[in-house]
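Written below as structure tokens is the structure these notes are about.
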Amino acid sequence: MRITAFESLRLDLPFDDLYTGPRHKPRGWTQFDHVLLRLTDDAGHEGWGEAFAFACPAATEAVLRDMVRPRVLNREISDIAAFMQWLQLELHIQGRYGITQFALSGLDIALWDLAGQRAGQSISRLLGGHGQNGRWRESIPAYASLVRYGAPGPVAAMAAQAAAEGYQCVKLHEITYEPIAAARTALGPDIKLTTDVNCAWSREEAEAMLPRMKALDLYWVEEPIFPPEDYETHAALAERHGVALAAGENACTAKEFERLSANLAFPQPSVVKLGGICEFIKTVRHAASLGRSVMPHSPYFGPGYWATLQLAAHCEAVAQFEFLYVKPERWIGLDMPLPQNGSIRIPDAPGLGFRPDPETLSRFRVA
């Protein structure tokens with residue numbers, strides 16, 4: 001396929017965190033920063049991708065525009081994996097993690113969407129080779145990933161609400177004991193509970209908190225300390241305190257995940273960050289060879305959401321889907337596949353199965 005058009009789109013999309021009760025403090029996070037990519041090929045097919053852009057949309061879009069676009073436009077691409085490997089080499093001096101890799105992730109997703117559109121198959125079937133008709137599953141369990149509320153009352157209320165909707169696992173983003181304990185009380189013993197610390201604890205704080213997380217029967221604790229790539233220290237903490245640890249949203253490329261997966265219980269690749277679909281598949285294969293269950297990081301609701309679902313259909317080792325438990329003012333895609341009783345049906349339309357909502361693009365696009 002030859003790429004004849006390359007267009008990046010930036011969206012600022014407000015969202016509601018669903019809590020209506022009294023708050024400990026005002027909300028800090030109120031909108032999503034999206035950078036989407038639209039490719040067109042010489043047959044008129046369109047492919048959509050998404051590059052991670054939290055708090056950095058202008059920088060991510062600049063990399064797509066100034067570094068990626070000149071190397072893609074009017075190029076004939078027959079082997080996506082080989083092309084993406086070449087592009088990683090071309091841009092390695094600009095960094096193997098961060099903005100450059102976010103932009104490459106968006107391109108990789110868009111190329112696979114184009115390939116699926118051209119073949120008339122969903123990406124999971126196009127990749128093939130597993131399960132019935134090339135897919136391991138037609139739906140996947142989802143866990144409710146709550147934003148940080150910072151106080152026991154809101155956390156307990158939102159955890160209970162998610163459980164009432166059928167979720168069998170709830171993830172917090174809380175870093176103090178009281179809100180986490182309140183969620184466990186609200187959920188009872190039968191619903192899995194996790195928390196993402198976002199590297200907020202010191203080593204000493206982690207040593208004190210992990211036994212308390214063990215007592216609360218947390219399914220995993222995510223990125224308890226800084227730096228997140230110190231997997232050996234994480235592994236030592238997990239062994240000493242008997243708590244499963246997870247990480248991955250701050251890791252890029254399959255090579256980096258080889259070291260991560262060897263040390264942590266739950267690798268968490270993010271398709272919009274680590275390099276796209278090609279790197280995600282390599283990461284999951286290696287994790288599976290070590291007997292790890294993969295819990296993808298799945299931020300936001302753009303094409304990366306659809307890509308994660310396609311990869312869940314293709315990769316048996318993907319165990320759950322992270323659903324950010326909020327409500328955007330509008331969905332980016334039409335026919336949004338949403339959790340029902342804690343499970344999401346995986347689209348089977350060509351490519352990602354993603355079709356943008358023109359009204360959303362029009363209303364929330366940043367000029």
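The values are calculated or read from the model by the stated rules, or taken from the named source; none is laboratory data. Only a predicted model underlies this, so the values are computations on that prediction, with no experimental measurement involved. Note that each Cβ is placed from the backbone with ideal geometry, even for glycine, and that neighbours are counted across all protein chains shown. Just the protein is used for accessible areas: all its heavy atoms, side chains included, with ligands, DNA and RNA removed. Shrake-Rupley method; radii C 1.70, N 1.55, O 1.52, S 1.80 Å.
A few comments on the model shown:
- One residue stands out in region 290-321 among those that are within 11 Å of the chain's Cα centre (by Cα), assigned to a loop (DSSP other than H, G, I, E, B) and not hydroxyl-bearing (Ser, Thr, Tyr): the one that is farthest from residue 125 (Cα to Cα), namely 299.
- Against the conditions (1) β-branched (Val, Ile, Thr); (2) over 22 Å from residue 291 (Cβ atoms); (3) under 17 Å from the mean Cα position of the chain (by Cα), residue 253 satisfies every one except (2).
- The set of residues in region 239-280 that are of a type in the set (Ser, Thr, Tyr), assigned to a helix (DSSP H, G or I) and at negative phi contains only 261.
- Residue check for residue 180: more than 30 Å from residue 36 (Cα to Cα), touching a Ser or Thr at 6+ places or on another chain (Cβ under 6 Å) and modelled with pLDDT of 95 or more: yes
- Taking residues in region 318-342 that are in contact (Cβ under 8 Å) with a residue 24 or more places away in the chain and of a type in the set (Asp, Glu), and partners anywhere that are open to solvent by 30 Å² or more (accessible area, probe 1.4 Å) and not in a loop (DSSP other than H, G, I, E, B), the pairs with Cβ atoms closer than 8 Å and at least 6 places apart or on different chains are 329/14; 329/16.
- Residue match in region 192-208 (condition: among the hydrophobic types (A, V, I, L, M, F, W, C), over 21 Å from residue 244 (Cβ atoms) and in a loop (DSSP other than H, G, I, E, B)): no
- Boolean, residue 110 is open to solvent by 20 Å² or more (accessible area, probe 1.4 Å) and assigned to a helix (DSSP H, G or I): no
- Residue 217 free of Cβ contacts under 8 Å to residues at least 24 places away in the same chain and part of a loop (DSSP other than H, G, I, E, B): no
- Reported count of residues in region 306-320, each being crowded, with 24+ Cβ neighbours inside 10 Å and in contact with a Ser or Thr (Cβ under 6 Å, 6 or more places away or on another chain), is 4.
- Residue 287 vs. criteria part of a helix (DSSP H, G or I), among the hydrophobic types (A, V, I, L, M, F, W, C) and farther than 18 Å from residue 124 by Cα: yes
- The combined condition, being more than 25 Å from residue 147 (Cα to Cα) and open to solvent by 10 Å² or more (accessible area, probe 1.4 Å), is fulfilled by residue 255.
- Note on region 322-348: residues that are assigned to a strand (DSSP E or B) and either under 15 Å from residue 146 (Cα atoms) or in contact with a Lys or Arg (Cβ under 8 Å, 6 or more places away or on another chain) (or both) amount to 6.
- Residue count for region 349-367 under the criterion of being surrounded by fewer than 17 Cβ atoms within 10 Å (Cβ to Cβ) and not in a strand (DSSP E or B): the result is 10.
- Test: residue in region 14-28 that is without any contact (Cβ under 8 Å) to a residue 12 or more places away in the chain and under 23 Å from the mean Cα position of the chain (by Cα): yes
- Count of residues meeting criterion [open to solvent by less than 10 Å² (accessible area, probe 1.4 Å) and either modelled with pLDDT under 95 or hydrophobic (A, V, I, L, M, F, W, C) (or both)] in region 258-272: 4
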